[in-house]
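Written below as structure tokens is the structure these notes are about.
None of the figures in this text is laboratory data; all of them are computed from the coordinates on show. What you are looking at is a predicted structure, and each value in this text was computed from that prediction instead of being measured. Cβ coordinates were reconstructed from backbone atoms using ideal geometry, including for glycine residues, and neighbour counts include every protein chain displayed.
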Amino acid sequence: MSKKNILQEIVERRQADLNRLGASLGFEIPLKRTRQVVPFLDSDSCIFEIKRASPSKGDIAPDLIPEVLAKTYANAGAKAISVLTESHFFKGSLNDLMAVSNTVEHCSILRKDFILQEDEVEVSYLCGADAVLLIARILDVDLLVTLAKKIHSYSMTPFLEVRSVEDFEKLKRVLQEVSVVAGVNSRDLKSFKMDALIPAALQEKLPAQAVFESGIHSPEDAAFAKMLGFKGILVGESVAKSPDKAQPIVKAFENASANKLGDFWKKIAQRRELKKQENKACLVKICGITRVEDALLAAQLGADLLGFVFAESPRKTDLKNLSLIQEALDNKGLKVLRVGVVTDLESSLGKEALLGIHQGLLDAIQVHDSLLPSLLDANVCPRYGAIRLGSEKDIENLRDYLGKGEPRVLIDAKSEKALGGTGDSIPVELVLEAKKHAPLWIAGGVSPQNIRSIIRDFNPELVDLSSSIESENGVKSKEKLELFFKEFNNE
């Protein structure tokens, strides 16, 4: 399949089918609906999917029996079931929708497809759908409004998927006419790449109840979506392939709540989107800050995050100093995220950093190596992991972090000299391998001299630097900081 635009190929094939077969797509449609309409997302919900295949993964569960899987989902606690009815790329059908609607009475049923015209809404209703997916990206605003109103006329719920600024404008226009449930897809339907920070960036902007779509593979992923404040999650591949995952995912989602960790990742995601709008290459973290003047200069020049070391190091600081720095930043109106760097949570310095979170002086904790972020209570301590890469074995640790619901992990150079701030670089082959698993957050050897080549060769999402911009340990050089941002901005 061409990689130019998968979504475009799907839509073109759908339009051809509609032209040839009509809205029934060649299936025998009931003359009358046989089940009552069940409200869609009237409470926090896991939406599990009847999904045989996808353009990105190929066959997922080609031999699934819709009725059996629907019952499994319902017994696991799902309050809604999504049925993919697109036949060419997802191997679904309207028969699947009818089979599920005749099997489960109390679950709401979403028809998930690439709806393009009005008469498909009536077909959805007659086949038993309670909600119908509308993809804002593929519909002009007038048609989107028409379809949403048509769905409402059958007492069904429009489930409107948004992802871009243009989509949001369409959503606002639709909401002037009817209420909807909004979904944010972590998967880009053009490339089918996934990124959990896309929904994170948009969650607070949504003027409607919101669902986190795609990329949920574990209970930790489900909890992360709830921490961001989403009312629902839509889970496809992982539960279709392994139905035994359904119940743990339901429990994790129900037991989680919006919290400080979710707030931190929303701030990161929003800063990233702002960087894109400003045409900046990536986020910048200046670490090892010990002085007020260095913090002010870094923030004024464009740093997104400042790092404060709460570990035995020539760059270590304390809460008294951090309080002075925060006051100075506030007085200048400088908005920058503050991160405490910790290597031992049980040490006095580690405990001091945790107190800094409690007092609002720190936005998050950067936890190193063997200290899995899950050791920290996400409700009270925003955090992310940092791993030193020196061999292929360390890539396993990276995958372990990411598999526990962590959207990002900072990679650093492994050195016998210290945990960080050594100026050593990560071997190129390990950087490239790490990049395959998540957008790149990189420390170790980043400097004014090589920042352009790092951006060119690795396209990182965040760079973290410390020793390369110092005049001495813990003291930043004004000249080196200015040079770094000059090179970073390609001036």
Next item on the list: Mind checking which lysines have their Cα closer than 20 Å to the Cα of residue 280? Skip sequence neighbours fewer than 8 apart in that chain.
Entry: 266, 267, 335, 435, 480, 486
Notebook entry, point to check: For 358, 88, what ranking results if the residue with the fewest other Cβ atoms within 10 Å of its Cβ goes first?
Noted result: 358, 88
Next item on the list: Restrict the search to segment 173-218; then list the trypsin sites (Lys or Arg not before Pro) that DSSP places in a loop and that have at most 14 other Cβ atoms within 10 Å of their Cβ.
Entry: 190, 193
Next item on the list: Could you tell me what percent of the DSSP beta bridges with both partners in the chain are antiparallel, to the nearest 5?
Entry: 5 percent
Next item on the list: Would you mind getting me the FRET efficiency between residue 312 and residue 432? Use the beta-carbon distance for r and R0 = 30 Å, nearest 0.05.
Entry: 0.40
Next item on the list: First check a/c for segment 22-140, with a ≥ b ≥ c the square roots of the eigenvalues of its C-alpha gyration tensor; if it is under 1.5, answer rounded, and if not, answer prolate when a/b is larger than b/c or oblate otherwise.
Entry: rounded
Margin query: Quick check: from the Cα gyration tensor, does segment 261-488 come out rounded (a/c under 1.5), prolate or oblate?
Written below: rounded
Item checked: Whole-number percent relative contact order across the chain, with pairs defined as alpha carbons under 8 Å at least 6 apart -> 10 percent
Note to self: Within a 10 angstrom radius of the beta carbon, how do 24, 45 rank from fewest other beta carbons to most?
What the structure shows: 24, 45
Notebook entry, point to check: Is segment 6-256 best put as rounded, prolate or oblate by its Cα gyration tensor, with a ≥ b ≥ c the root eigenvalues, rounded for a/c under 1.5, and otherwise prolate when a/b is larger than b/c, oblate when not?
Noted result: rounded
Note to self: If neighbour count is taken as other Cβ atoms inside 10 Å, put 138, 151, 10 in order from fewest to most.
What the structure shows: 138, 10, 151
Notebook entry, point to check: Which value in nm describes the separation of the simple spin-label points at residue 102 and residue 172, placed 7 Å from the Cα toward the beta carbon?
Noted result: 4.6 nm
Next item on the list: Would you work out the relative contact order for segment 1-130, in percent, from Cα pairs under 8 angstrom that are 6 or more residues apart?
Entry: 30 percent
Notebook entry, point to check: Given 0.36 nm per residue, what is the gain on full extension from residue 24 to residue 328 after removing their alpha carbon distance, in nm?
Noted result: 102.9 nm
Note to self: I'd like the distance separating the alpha-carbon centroids of segment 123-180 and segment 202-225, in whole Å.
What the structure shows: 19 Å
Next item on the list: Consider the candidate values (i) 33, 27, 19; (ii) 46, 22, 21; (iii) 41, 27, 25; state which one is semi-axes √(5λ) of the Cα gyration tensor in Å computed from the structure displayed.
Entry: (ii)
